[in-house]
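Report on the following structure.
Where a number appears in this text, it was derived from the coordinates with a stated rule and is not lab data. This one's a predicted model, so the numbers in the text were calculated from it and none came from an experiment. Neighbour counts run over all protein chains shown; Cβ positions are idealised from the backbone, glycine included.
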Amino acid sequence: MTVDHPGSEGAGSPLPARRDTRLDPYIGTYAERTHGMTASAVRALFAVANRPEVVSLAGGMPNIADLPLESLGGAIARLVAEHGTRAMQYGAGQGEPVLRAQICEVMAEEAISAHPDDVVVSVGSQQGLALLTQVFCDPGDVILCEAPSYVGALGVFRTYQTQVVHVAMDADGLDPIALREAIASCRAAGKKIKFIYTIPNFHNPAGISQPLERRREILAIAKSEGILIVEDNPYGLLGFDSEPTPAIRSLDDGAVVYLGSFSKTFAPGFRIGWILAPHAIKEKLVLAQESATLCPPVFSQYTISAYLQNFDWRGQIKKSRELYRERRDAMLAGLQAHMPPGTSWTRPGGGFFVWLTIPAPLDAEAMLPRAVTARVAYVPGNAFYADGLGTRHMRLSYCLPTPDQIIEGTRRLAEVMGNELSI
Ligand code: PMP
């Protein structure tokens, strides 16, 4: 595997790629599970997509330019001066107790009532996914995922050699009828279903959200079938038009494991997320966390704790929501103005992503190099399916480019699509 590309959400690297074309002498030595670890062809294109002349609608990087960086710098300096010897020391495997209590306050915004003892701090919610999969899944176990689903979760599930079974969504998210059918057919085939993985708010990549009633339905099915729900919710506080919908975890504290993150509401560079789990599961997760990292990064935890305590984090999230709403509006306006007939798209009420369905015979994966030549980038839909489907779709993100860039990006994209359609 040549690792010469930026991260899965498109972070740029200032270093030139070092290409080593020699045959890998360890090829027969790697574990079975590495065979599933493939770098998608698309990722190499992201390096090109980061060039300034390209409008990248591909990445999922939050806008952090508006954080109060100067006063944060002051707070970090004080942290070092006053608590440096603790903040730079090893800490608890479960995470710092003060931060865990603050995390419970953050979750209360989505009607979750939780005890700090049931929270495990993780290295982003990405590590939460890895720890959960490690704790629950043997090779061949089934995880039920929305179709499409988060590319980073699919990567983790593949690494642990699980079988992803996709379940259709409708305009209200995960479809309960399809969910029942998937459960029945997996069981009929003698498969073990370990959990339902769902992103109920401002879905990545689909841009849809489950209304409260749908959450209740999915929970009822999961409970009656004895299947755990993993609720992945990094975008829940980034809704544009209304109060947050209560989390699935707020409806039940025994059947749901909840994943949260500071990556989108504060900054991803600290790499701090969390898992809220029923007690017995939490115990296993702490053991898994200790063996993975000894403890999650203590300095990051202290910094986030200071931020939550001393800054108006709710006001900051409100500002972010306004910024992202303006960008969402720009994207919807650009798509409306430019897209060829036969194209459709979701209208997200929050988060970062629009899911575009393109007319036949267009193929989003095949078209990407030509789009990049035309100075616009996106993620082709098949990245979000475990089974290679999805090439009639693409994910467009509006979180990082400016409104003008977004509109220009949709114009360029529509032009590429128009050219392909007229060939
Ligand atoms: N889940 C979803 C749905 C995401 O979109 C992301 C980030 N793109 C993550 C988990 C991981 O986020 P982090 O590890 O930064 O918390």
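For the chain, DSSP calls about 50 percent of its internal beta bridges antiparallel.
The H on the amide N of Val376, modeled in the peptide plane, is under 5 Å from the matching H of Val55, each at least 5 residues off or on a different chain. Here r is the Cβ-Cβ distance between Ser185 and Thr293 and R0 is 51 Å; the resulting FRET efficiency, rounded to 0.05, is 0.85. Around the amide H of Ser122, modelled in the peptide plane, lie the amide H atoms of Gly273, Trp274, Ile275, all under 5 Å away and 5 or more residues distant in sequence or on another chain.
If I stretch the segment between Thr402 and Glu105 completely, what's the gain in nm (0.36 nm per residue apart, minus their alpha carbon distance), one decimal? The span from Thr402 to Glu105 would gain 103.7 nm if fully extended. Note on Ala39 and Asp363: their simple-model spin labels are 2.4 nm apart, each label 7 Å out from Cα toward Cβ.
In order along region 362-368, the Karplus-derived 3J(HN,Hα) couplings, from 6.51 cos²θ - 1.76 cosθ + 1.60 at θ = phi - 60°, round to 5, 10, 5, 6, 5, 7, 4 Hz, and Gly and Pro are given as x. The Arg370 and Ser344 beta-carbon pair, evaluated with R₀ = 22 Å, returns a calculated FRET efficiency of approximately 0.55.
Expressed as a whole percent, the proportion of Cα-Cα pairs in the chain lying more than 32 Å apart is 37%.
Cut-off 18 Å, label point 7 angstrom out along Cα-to-Cβ of Met88: give me the residues of region 286-300 whose amide nitrogen falls inside. Only 297-300 fall inside the zone, counting backbone N under 18 Å.
With the gyration tensor restricted to C-alpha atoms of region 74-181, the semi-axes of the equivalent ellipsoid amount to 35, 18, 13 Å, longest first.
Here the sum of -39500 (n - 2.57) over DSSP H runs of 4 or more residues, divided by the residues of the chain, equals -13000 deg cm²/dmol at 222 nm, to the nearest 500.
Here the Karplus relation 6.51 cos²θ - 1.76 cosθ + 1.60, evaluated at θ = phi - 60°, turns the backbone of region 333-341 into coupling constants of 5, x, 5, 4, 6, 10, 5, x, x Hz, with x for every Gly and Pro. Amide H to amide H distances under 5 Å link Val142 with Gln163, Lys192, Ile193, Lys194, where only residues 5 or more positions off or on other chains count and H is placed in the peptide plane.
In terms of surrounding Cβ atoms within a 10 Å radius of their Cβ, Tyr307, Tyr385 rank from fewest to most as Tyr385, Tyr307.
Obtain the radius of gyration and the Kirkwood radius of region 120-252 from its C-alpha atoms and give Rg over Rh. Rg/Rh: 0.94.
Coupling constants for region 259-265 follow from the phi torsions by the Karplus curve (6.51 cos²θ - 1.76 cosθ + 1.60, θ = phi - 60°), and in residue order they are 10, x, 7, 8, 5, 9, 9 Hz; glycine and proline get x.
To the nearest 0.05, what FRET efficiency results for Asp138 and Asp387 with a Förster distance of 22 Å applied to their C-beta separation?
Plugging the Cβ-Cβ distance into 1/(1 + (r/R0)^6) gives 0.60.
In plain terms, the chain from Arg78 to Thr21 could stretch by 15.7 nm, reckoned as 0.36 nm per residue minus the Cα-Cα distance.
When peptides 82-90, 171-179 are sorted by average Cβ neighbour count within 10 Å, with the highest value leading, the order is 171-179, 82-90.
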